[in-house]
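J.: Have a look at this one.
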Amino acid sequence: MPQIILIEKSTVIPATPARVFKALTDAKQLSRWLADRVESDPRQGGQIVIEYDSHEKRGEYRRLIPGVEVGIRWIQFEEQVPEDITGFKIDRVTRGTRVRVVDFATPEDADAMQALWAQRLKRLKSLYPAKPAPKKTAARKAVKPKRASKTKAAAGKSAPKKAKKK
């Protein structure tokens, strides 16, 4: 049995877990970041076929929990790996959704696999441009003093009216 190395990579994507789950299962979205051509039947036991760099890889969805997890068991085409599984864990975080990919490689392919997943996650993240954090504008700062001055003005107007009634 050949030795296998665990590969883990993660990134935070400025999108909801539901949108990220769709990007991990929808053929059209997968073809934008994972492979050149993708066929996907995202249901338990459904088939997935990816084609990249003139290679084709076939697998089946083994675990699908919307917004939480995607697990794919690949049917190996070149290397002899006892179990070829790719898993994606999805977690909501402050700035969006963390996607963690877990994969396996032989020792001689581990560095290339690390680089491949880093590049693919970067492509996935590029599909969701970051939204700038809201900035406190001068208009918002001006609102608070205006409200305070209106309150003072109203208080000032009330005092003379009471004085006039006496």
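J.: Where the second residue is outside any strand (DSSP E or B) and the first is of a type outside the set (Val, Ile, Thr) and lies in the range 65-76, which pairs have Cβ atoms under 8 Å and are six or more apart or on separate chains?
T.: Matching pairs, first to second residue: Pro66/Ala18; Pro66/Phe21; Gly67/Thr16; Gly67/Pro17; Gly67/Ala18; Gly67/Val20; Gly67/Phe21; Arg73/Glu83.
J.: Can I ask one more? Residue by residue through the range 84-105, note down the ones that are out of contact with any strand residue (DSSP E or B) (no Cβ under 7 Å at 6 or more places or on another chain) and among the polar types (S, T, N, Q).
T.: Thr94
J.: While we're here: Please verify whether Thr86 is hydroxyl-bearing (Ser, Thr, Tyr), exposed (fewer than 11 other Cβ atoms within 10 Å of the Cβ) and either outside the structural domain of Thr11 (by TED's automatic domain parsing) or modelled with pLDDT of 85 or more (or both), treating the condition exactly as stated.
T.: It is false that Thr86 is hydroxyl-bearing (Ser, Thr, Tyr), exposed (fewer than 11 other Cβ atoms within 10 Å of the Cβ) and either outside the structural domain of Thr11 (by TED's automatic domain parsing) or modelled with pLDDT of 85 or more (or both).
J.: In the range 92-109, how many residues are surrounded by fewer than 16 Cβ atoms within 10 Å (Cβ to Cβ) and not β-branched (Val, Ile, Thr)?
T.: 5
J.: Residues of the range 90-118 being within 21 Å of Ile4 (Cβ to Cβ) and not aliphatic (A, V, I, L, M), which ones?
T.: Within the range 90-118, Arg100, Asp103, Phe104, Thr106, Pro107, Glu108, Asp109, Asp111, Gln114, Trp117 meet the criteria.
J.: State all residues of the range 63-83 that are among the hydrophobic types (A, V, I, L, M, F, W, C) and either at pLDDT 95 or above or surrounded by 15 or more Cβ atoms within 10 Å (Cβ to Cβ) (or both); if no residue qualifies, say none.
T.: Leu64, Ile65, Val68, Val70, Ile72, Trp74, Val81
J.: Pick out the one residue from Ala18, Ala35 that is touching an Asp or Glu at 6+ places or on another chain (Cβ under 7 Å) and not hydroxyl-bearing (Ser, Thr, Tyr).
T.: The conditions single out Ala35.
J.: I would also like to ask the following. Would a scan of the range 48-59 turn up a residue that is small (Gly, Ala, Ser) and either surrounded by 18 or more Cβ atoms within 10 Å (Cβ to Cβ) or not in a strand (DSSP E or B) (or both)?
T.: Yes, the range 48-59 contains at least one residue that is small (Gly, Ala, Ser) and either surrounded by 18 or more Cβ atoms within 10 Å (Cβ to Cβ) or not in a strand (DSSP E or B) (or both).
The values are calculated or read from the model by the stated rules, or taken from the named source; none is laboratory data. Values in this document were obtained by computation on a predicted structure and should not be read as measured data. Don't worry about glycine lacking a Cβ; one is built from the backbone with ideal geometry, like all the others, and counts go over all protein chains shown.
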